[in-house]
Amino acid sequence: KYTNSFNIANNKLTTLNGLYGVLMALLPELTFKSKLNKVELLQWIDVSRNKLTDISEDICKLPYLKILYVHGNNIQEIEKVTNLRNCKSLTSLSLYGNPIDHIKGYRHFIIEMCPLLEKLDSAVISEKELDIIKFRGSRYGEVRNKAGKVIRYPKLPEEIIKTIQLAEQNAAEKKDDN
């Protein structure tokens, strides 16, 4: 017997740094011989509804992690989840309920970053989404308010940001003229 899931939801955790060591101390010893240790056999972790602001690289030390629930935390910047690209077995991920929900292209960014994902935020990733990512792309990293207005642009070259802002300003002026 071995443990393949671990639930630490609703614990007011602010970081997952050191998670690997904590799991080594908490999980029961394996009852069979394996080249992997007891932590490396974990396939599902639930850290939802805590106070996390990022995803620690300790998560990526789990080579067979397939399901990760991180919904309902306080992740505000898309850059704080980029460690997930190193999770080579991840097929299901939940990030909804974090402030990154307001970032334009958030879903496409995550799907592109984790190409093995089959489900994101409890929704199956569709062929249409994969086609959009592969062929059309989008401006990832924009943060918008509830009205859809850009309140922070992604880290793009300054000339691109100016071009975007000018186009939006011209569109607003045309709308005002009508």
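Read-outs throughout are calculated quantities, based only on the coordinates presented, and are distinct from any laboratory measurement. This structure is a prediction, so every number in the text was calculated from the model and none was measured.
Numbers below:
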| read-out | value |
| --- | --- |
| Karplus-derived 3J(HN,Hα), 6.51/-1.76/1.60, for each residue of the stretch 164-170, Hz, glycine and proline x | 5, 5, 5, 4, 5, 5, 4 |
| Quotient of C-alpha Rg and 2.2 N^0.38 Å, computed over the stretch 8-51 | 1.32 |
| 5 angstrom amide H check on Leu16, placed H, neighbours 5+ away | Ser56 |
| Table column - 3J(HN,Hα) (Hz), the stretch 69-77, Karplus curve with 6.51, -1.76, 1.60, x for Gly and Pro | 9, 10, 5, x, 10, 10, 7, 9, 10 |
| Volume of the Cα convex hull of the stretch 49-105, divided per residue and given in Å³ | 76 |
| Globularity ratio of the stretch 1-74, using Cα Rg and 2.2 N^0.38 Å | 1.09 |
| Length added when fully stretched, Val22-Thr163, from 0.36 nm per residue minus Cα-Cα | 45.9 nm |
| Cα centroid separation, the stretch 51-119 to the stretch 1-41 (Å) | 19 |
